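The values are calculated or read from the model by the stated rules, or taken from the named source; none is laboratory data. What you see is a predicted model, and the numbers here were worked out from it, not measured in a lab. Methodologically, a virtual Cβ is constructed for each residue, glycine included, from the backbone with ideal geometry; neighbour enumeration extends over all protein chains shown. SASA here: full protein model, heavy atoms, side chains in, ligands and nucleic acids out. Shrake-Rupley method; radii C 1.70, N 1.55, O 1.52, S 1.80 Å.
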Amino acid sequence: MKHYSVFAVAREALRQHTGWDRAWAKAEPKKKYDVIIVGAGGHGLATAYYLGKNHGIRNVAILEKGWLGGGNTGRNTTIIRSNYLQDPSAAIYEKSRSLYETLSQDLNYNIMFSPRGVMMLAQTQHEIRGYQRTAHANGLQGVETAFIGPDKVKELCPIINISGPRYPVLGALWQPRGGTARHDAVAWGYARACSAMGMDIIQQCEVTGIRRDAGKVVGVDTTKGPIDCDKLALVTAGHIGVMANMAGFRLPVESLALQALVSEPIKPVMDVVVMANTVHGYMSQSDKGEMVIGGGTDGFNNYTQRGSFHHIEETVRALVETFPMISRLKMLRQWGGIVDMTGDRSPILSKTPVEGIFVNCGWGTGGFKAIPGSGWAMAELMAKGASPLTEEFSMWRFREGKFIDESVAAGVAH
């Protein structure tokens with residue numbers, strides 16, 4: 001793998017940029033792999049990367065029915081935070097946030113990580129109590145957060161209206177080391193590193209069936225032919241229910257669309273991420289100047305990746321009171337992604353009833369922030385059979401009543 005550096009950029013500039021290698025190799029499937037990962041999004045690629053880096057397992061194929069990073073990884077709003085309430089959640093999200101801080105150096109690929117800070121606004125007395133509780137829990141978990149007052153909120157984000165007529169800002173849960181990263185770059189960086197380790201990234205390769213023998217996985221059928229494997233990871237976000245069906249078991253998840261939009265680019269006005277859970281919206285400003293805006297999921301199960309007018313109206317109406325200046329902006333584009341939601345709003349990283357099959361799903365609307373930690377934990381689970389980061393996230397917790405309730409800490413769940 002050619003090392004990216006300022007000297008390499010200068011050298012290639014003199015050669016009209018004709019000397020760059022492909023970021024990752026175009027591969028055709030082999031007959032058999034030690035591990036097949038279905039889903040070449042952030043979580044699937046991170047799992048493959050840490051299988052190779054941490055455990056030396058490199059005979060790996062990552063299968064993608066579309067293009068690399070074309071699902072939720074390329075459709076999210078890039079928020080990174082770890083201020084969750086429950087101990088298992090805080091552990092895996094903080095692991096992920098800490099990995100993000102050095103990921104550009106680890107991958108030799110600029111993921112544009114920006115630890116600009118994340119605020120979750122308290123606009124009711126109930127939210128004040130909830131966020132103060134979370135701040136105390138985070139202190140015990142070693143996660144750096146604090147509950148701040150409205151004056152500090154205004155100082156950090158001058159464009160905010162803290163005295164709204166319906167929902168004045170009463171404070172906020174503030175995580176100064178939270179922030180954003182470039183979503184596409186995260187997928188591309190992991191893909192480049194996986195390819196350099198000799199792993200095969202196979203795009204336009206849809207899995208059409210999962211083959212088992214005596215209760216153990218033996219391979220998959222794809223649009224490019226059958227491929228055998230010893231272990232199989234299903235990491236397909238909103239389509240995980242379909243994949244589980246192929247494998248012969250059910251998962252307690254439902255699929256919904258999550259929509260977002262960006263405004264026309266404007267000059268820098270906001271250098272933090274703000275989430276307003278009472279009115280159900282959140283906003284940040286991208287490096288290109290666009291205001292990145294989103295809210296909650298659609299109110300019905302669906303697999304659409306398009307936007308809808310009623311969602312624009314609902315989300316923007318929610319935020320205009322808190323950010324009056326956005327009422328004068330034009331919308332640039334809108335999109336949707338398919339998210340997989342569990343009943344307790346926490347993920348599933350687990351073995352399954354079929355020996356050799358593992359699932360990584362249920363991240364809901366907050367999967368991007370978890371990509372490095374999820375890949376690290378999933379790789380450990382697959383290589384060793386157990387991981388302290390995944391122990392509480394078994395699919396059987398729903399049968400046993402051991403829920404990890406993050407419905408409050410998740411807020412709008414981003």
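In the set 57, 80, 37, 62, which member is farther than 19 Å from residue 361 by Cα and touching a helix residue (DSSP H, G or I) at 6+ places or on another chain (Cβ under 6 Å)? The conditions single out 57.
The criterion of being modelled with pLDDT of 95 or more and either among the aromatic types (Phe, Trp, Tyr) or under 13 Å from the mean Cα position of the chain (by Cα) (or both) holds for residue 46. Residues that are closer than 24 Å to residue 73 by Cα, open to solvent by less than 10 Å² (accessible area, probe 1.4 Å) and under 22 Å from the mean Cα position of the chain (by Cα) are absent from segment 205-222.
Please determine whether any residue of segment 155-176 is of a type in the set (Val, Ile, Thr), closer than 29 Å to residue 269 by Cβ and under 26 Å from the mean Cα position of the chain (by Cα). So far as segment 155-176 goes, no, none of its residues is of a type in the set (Val, Ile, Thr), closer than 29 Å to residue 269 by Cβ and under 26 Å from the mean Cα position of the chain (by Cα).
Each row is one residue, and each column tells you yes or no for (1) within 17 Å of the chain's Cα centre (by Cα); (2) closer than 22 Å to residue 165 by Cα; (3) open to solvent by less than 10 Å² (accessible area, probe 1.4 Å); (4) outside the structural domain of residue 171 (by TED's automatic domain parsing).
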residue: 260; (1), (2), (3), (4): yes, no, yes, no
residue: 273; (1), (2), (3), (4): yes, no, yes, no
residue: 280; (1), (2), (3), (4): no, yes, no, no
residue: 307; (1), (2), (3), (4): no, no, no, no
residue: 311; (1), (2), (3), (4): no, no, yes, no
residue: 349; (1), (2), (3), (4): yes, no, yes, yes
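Taken together, the residues in segment 99-144 that are within 17 Å of residue 46 (Cβ to Cβ) and part of a helix (DSSP H, G or I) amount to 8.
Here is a check on your reading of the model: is residue 325 more than 19 Å from residue 298 (Cα to Cα), modelled with pLDDT under 95 and among the aliphatic types (A, V, I, L, M)? Explain how you work it out, then say what you get.
Values: more than 19 Å from residue 298 (Cα to Cα): yes; modelled with pLDDT under 95: yes; among the aliphatic types (A, V, I, L, M): yes.
When the stated conditions are applied, residue 325 passes them.
Scanning segment 17-36 for residues that are at pLDDT below 90 and open to solvent by 80 Å² or more (accessible area, probe 1.4 Å) returns 17, 18, 20, 21, 22. Being in the same structural domain as residue 42 (by TED's automatic domain parsing), open to solvent by 40 Å² or more (accessible area, probe 1.4 Å) and over 30 Å from residue 248 (Cβ atoms), is that true of even one residue in segment 145-158? There is no residue in segment 145-158 that is in the same structural domain as residue 42 (by TED's automatic domain parsing), open to solvent by 40 Å² or more (accessible area, probe 1.4 Å) and over 30 Å from residue 248 (Cβ atoms). Residues that are in a helix (DSSP H, G or I), farther than 19 Å from residue 369 by Cβ and not hydrophobic (A, V, I, L, M, F, W, C) are absent from segment 63-70 altogether.
Looking only at segment 162-192, how many residues end up being of a type in the set (S, T, N, Q) and either part of a helix (DSSP H, G or I) or at pLDDT below 95 (or both)?
Residues of segment 162-192 that are of a type in the set (S, T, N, Q), as a first pass: 163, 175, 180.
Applying the additional criterion that residues be either part of a helix (DSSP H, G or I) or at pLDDT below 95 (or both) yields 163.
Summing the residues that are of a type in the set (S, T, N, Q) and either part of a helix (DSSP H, G or I) or at pLDDT below 95 (or both) in segment 162-192 gives 1.
Of the strands (runs of 3 or more DSSP E) lying entirely inside segment 296-414, those carrying at least 1 residues that are charged (D, E, K, R) are 331-342, 348-351.
Only one entry of 191, 185 meets the criterion of being in contact with a strand residue (DSSP E or B) (Cβ under 8 Å, 6 or more places away or on another chain), hydrophobic (A, V, I, L, M, F, W, C) and farther than 23 Å from residue 250 by Cα, and that entry is 191.
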